[in-house]
Amino acid sequence: MKLLVDDTRTLTPEATQQGWIILRKGEDLPQWISQHGWPEAIALDYDLQVGTGSWDGGRTARWLREHWENEQHAAGEQFPQWDIHSRNPANNEEVVKILAPFASRRVVKLAPLQHHE
């Protein structure tokens, strides 16, 4: 399973066939991973709908890193492939820095997204 964390974008039909699903809020990620386990890939938006208690892409990336580093993993298990697809370069860079220990797992333009304005 592959996970897109984005509040507005949609997946192409091809992406859905490839096993991509959408989470609209970063704060839903802990429960999703608890129920389904780690996905094989995660594509993050930074500018998620921000409101009281909402997670932006930076907070979501920090949770991913901390949770991964604090869990026991089977030998050879790797952090999911990941990418950040925000239109804001400064925010993208923040996520890249947070997930720097997993830089080798980054795949640019990982998720097949529908274009939006």
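Structure above, values below:
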| read-out | value |
| --- | --- |
| Alpha-carbon radius of gyration plus Dmax, which is the widest Cα pair, for the chain in Å | 13.3, 43 |
| GNM top mover of Ala103, Ala41, Ala61 - the chain, alpha-carbon springs below 10 Å | Ala103 |
| Long-range Cα-Cα pairs in the stretch 14-79 (distance over 14 Å), rounded percent | 63 |
| Chain lengthening between Val108 and Ser34 when straightened (0.36 nm per residue, less Cα-Cα) | 24.0 nm |
| Extension gain (nm, one decimal) between Arg9 and Glu93, 0.36 nm per residue minus Cα-Cα | 28.2 nm |
| Net charge dipole size for the chain [Lys, Arg +1 and Asp, Glu -1 on Cβ; Debye, nearest 20] | 140 |
| Approximate spin-label separation Glu27-Met1, in nm, with each point projected 7 Å along Cα-to-Cβ | 2.1 |
| Phi-based couplings in Hz for the stretch 58-67 (Karplus 6.51, -1.76, 1.60; Gly and Pro marked x) | x, 5, 4, 5, 4, 4, 4, 4, 4, 5 |
| Helical mean residue ellipticity (222 nm; -39500 (n - 2.57) per DSSP H run of 4+; nearest 500) of the chain | -9000 deg cm²/dmol |
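Where a number appears in this text, it was derived from the coordinates with a stated rule and is not lab data. Note that the structure is predicted; figures quoted are calculated from it, not measured. So basically every Cβ, Gly included, is an ideal-geometry build from the backbone, and we count neighbours across all protein chains shown.
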